[in-house]
Amino acid sequence: MKLENTFDVPVGPEKAWDLLMDVPRVVPCMPGAELTEVIDDSHWKAKMTVKLGPIGLVFGTDVVREEVDEAGRRVKLSADARELRGRGACRATIDSSLAPANGGTRVDIVTDLALTGSVAQYGRGLIPDISSQMVTKFADCLRAQLIAAPEEAQQAVARQSRPVGGLRLTFGALGRAIKRLFTRREQ
C-alpha cells in the first residue's frame with residue numbers, strides 16, 4: 001500500500017534537512033515510537049506502540065538509512081518491524097524529500113507499506129486515515145523541534161511517546177472512511 005503525505009515547516013530547507021538527517025531526534029517525533037538503540041550512523045532500533053481500539057500492538061523495529069541525496073535533499077529509510085507477540089509484521093520504505101515553499105520548506109513523504117499476519121487484518125481499511133493523523137502529529141513535533149524553545153520542543157516529543165491509536169483515532173479514521181463511502185455514492 002502506498003501512502004503519500006505532505007506538510008510544511010516554517011524554516012529553510014537547510015535547517016529542515018539537518019533535522020531530517022538526525023534520526024535519533026526524528027524517531028521520537030513519530031507517535032508511539034521510542035529509539036532503543038543507535039547501532040551506527042545508518043542503523044537504529046526502535047520500539048513502536050500502536051493501539052487499535054482494545055488491541056495493543058508493540059513492534060520491534062530495525063531502521064536503516066538506505067540512500068541519501070544531499071544535493072536533492074532526499075533520503076530513503078527502510079523499517080522492518082515485528083510485532084513482539086508474533087501477531088504479524090510490517091515493512092516500510094519511506095522516501096522523504098524537501099523543497100523550498102513560501103519562505104519555509106515543504107516535506108513530501110511517500111511510504112510503501114506492507115503488513116502481514118493478523119496485524120494486516122486489524123485495520124487495513126483504516127491505515128491511510130491513521131497514517132494521515134500520525135503524519136500530522138509527526139509534523140507538529142518536527143515544527144516544535146525546529147522553532148520552539150527547548151522546553152517546548154521537549155514537551156512536544158514527550159506528547160508523542162504515548163501509543164498511537166486509541167478509540168478516538170480509530171473512530172476518527174472510521175468516520176472519514178464512512179464519509180468517503182457516502183460521498184462516492186452521491187456522485
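Tabulated values for the structure
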read-out	value
Cβ-based exposure ranking for Asp140, Asp22, in which fewest neighbours within 10 Å come first	Asp22, Asp140
Candidates per GluC sites (Glu not before Pro) in the stretch 45-76, loop by DSSP, up to 14 other Cβ within 10 Å	Glu70
Selection of trypsin sites (Lys or Arg not before Pro), the stretch 21-92, meeting DSSP coil and at most 12 other Cβ within 10 Å	Arg85
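Laboratory data are not the source of any read-out in this text; all were calculated from the coordinates shown. Being a predicted model, the structure only gives us computed values, none of them experimental. Every residue, glycine as well, gets a Cβ built from its backbone with ideal geometry; the counts of neighbours run over all protein chains shown.
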